[in-house]
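Chemist: Below are the structure tokens for one structure; questions will follow.
What follows draws every value from the coordinates through simple rules; no lab data is involved. Only a predicted model underlies this, so the values are computations on that prediction, with no experimental measurement involved. Quick reminder, even Gly has a Cβ in these numbers, built from the backbone with ideal geometry, and neighbours come from all protein chains shown.
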Amino acid sequence: MTETAEMKNTLRESSSSTAERAFLFGRGDRTMKVIETIAEMRQVRKQLEGPVGFVATMGYFHEGHLSLVRKARADNPSVVVSIFVNPAQFGPHEDFNTYPRDLPRDLALLEKERVDVVFAPPVEEMYPPGFNSWVDIEGVTERLEGASRPGHFRGVATVVNKLFNIIQPDISYFGQKDAQQALVIRKMVRELNMGIEIVTLPTVREPDGLATSSRNAYLKPEDRKAAPILHRALSLAQELWGKGEKDAEKIRQQMRELILKEPLAKIDYVSIADPETLEEMEEVKTPALVSLAVKIGKTRLIDNVVVG
Ligand code: AMP
């Protein structure tokens, strides 16, 4: 047995810290495969050692994406990451065409994280002419982001369902930053009996509290200075709740007042809702999902915290 194989065996028997497991499940010397077609992805999937961990992304990576990739790497012998800017989840007047993209940089970052396979199909591969099959999750998709962005979750559920069918992961990792998306995916997997474990990981933030996001690239310097107002409003909600305030509308109101002091900010919604049904609360019961969408200049940002 080589020294490395011996070390891996010892680790397999003795430990499971994240760093050690990352080493244990490292890709070794094999090169990362970058795949563009569904047919090739299916072929390669057959050869992957399970469990297969999967992270779905739209690329233009930041530390939030990488936190999911690192957890997938630490927990699974095989890791697949998809990079696909999904036109179906953008509204007609949204930013599909201008959404930031940098595939070479993304691939270099994934190579560093020792990802096994990157699935980066062109749009026509995922949505050939005449495509007409959609996954509609009702109820929770009608609120918050769903209310502001009609059709958004139909696009998300459809593409994630397709990616799950193509990649057939055992575990898939999502960020709490998009709390409603994670909820919709969990519901879809449960109700459609897809047999995939969904893991939600905490929101990664910049030192000033701003949640990392590909769309932060749109922020002009003055917008960037104003953007931490989202996190400040969420922190205010936590503080008020901590001091015993249970009236949800009073908390929402104080959050709105704080945000309105920022001239570049325009509120889309401020919500305190049940984390499962997303129904707005009158009295704050725990856990509660405090979430908001705010435009800073021309850029729409979302963020959330769970209190309790
Ligand atoms: P996206 O590329 O924006 O579709 O995001 C891909 C995945 O990364 C989703 O599961 C997001 O929830 C997750 N993600 C995005 N931003 C963050 C963040 N700041 N912290 C943790 N996860 C994130």
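Chemist: Measure of size requested: the Rg and Dmax of segment 214-307, with Cα atoms as the atom set and Å as the unit; please supply both.
Modeler: Cα only, segment 214-307: 13.2, 38 Å (Rg, Dmax).
Chemist: I'd like the distance separating the alpha-carbon centroids of segment 149-171 and segment 75-90, in whole Å.
Modeler: The distance from the Cα centre of segment 149-171 to that of segment 75-90 comes to 9 Å.
Chemist: Using the count of nearby Cβ atoms within 10 Å as a rough guide to exposure, how do S214, S78 rank from fewest to most?
Modeler: S214, S78
Chemist: Follow-up. In square nanometres, what is the average projected area of the Cα convex hull of the chain? The partial results should precede the final answer.
Modeler: Values: hull surface 70.6 nm².
If I average the Cα hull's projected area over directions, I get 17.6 nm².
Chemist: Can you work out the base-10 log of I(q)/I(0) for segment 54-158 at q = 0.11, 0.14, 0.20, 0.23 1/Å, using the Debye formula on its C-alpha atoms alone?
Modeler: -0.41, -0.65, -1.12, -1.23
Chemist: Can you tell me the 0 to 90 degree angle between the C-alpha axis of helix 38-47 and the longest principal axis of the chain, rounded to 10?
Modeler: Taking Cα atoms only, the helix is inclined about 60 degrees.
Chemist: Under a GNM of the chain (C-alpha, springs under 10 Å), which listed residue has the highest mean-square fluctuation: S213, S235, S133?
Modeler: Maximum among the listed residues: S133.
Chemist: Select from segment 95-181 those GluC sites (Glu not before Pro) which occupy a DSSP coil region and have at most 11 other Cβ atoms within 10 Å, ordered by residue number.
Modeler: Numbers: sites: E111, E113, E124, E125, E138, E142, E145; in loops: E113, E138.
Answer by residue number: E138.
Chemist: Neighbour counts of other C-beta atoms within 10 Å: give me V69, V160, V290, V85 arranged from fewest to most.
Modeler: Ordered from fewest to most neighbouring Cβ atoms within 10 Å, V69, V160, V290, V85 come out as V85, V69, V160, V290.
Chemist: With 24 Å as the limit, write out which pairs from K243/K266; K177/K298; K162/K187; K261/K295; K46/K162; K261/K285 have Cα-Cα distances beyond it, or answer none.
Modeler: Check vs 24 Å cut-off fails for K243/K266; K261/K285.
Chemist: Counting other C-beta atoms within 10 Å, which of F164, F96 has the fewest, and how do the rest follow?
Modeler: Taking fewest neighbouring Cβ atoms as first place, the list is F96, F164.
Chemist: Determine the distance separating the Cα centre of segment 268-308 from the Cα centre of segment 194-251; give it in Å without decimals.
Modeler: So the two Cα centres are separated by 9 Å.
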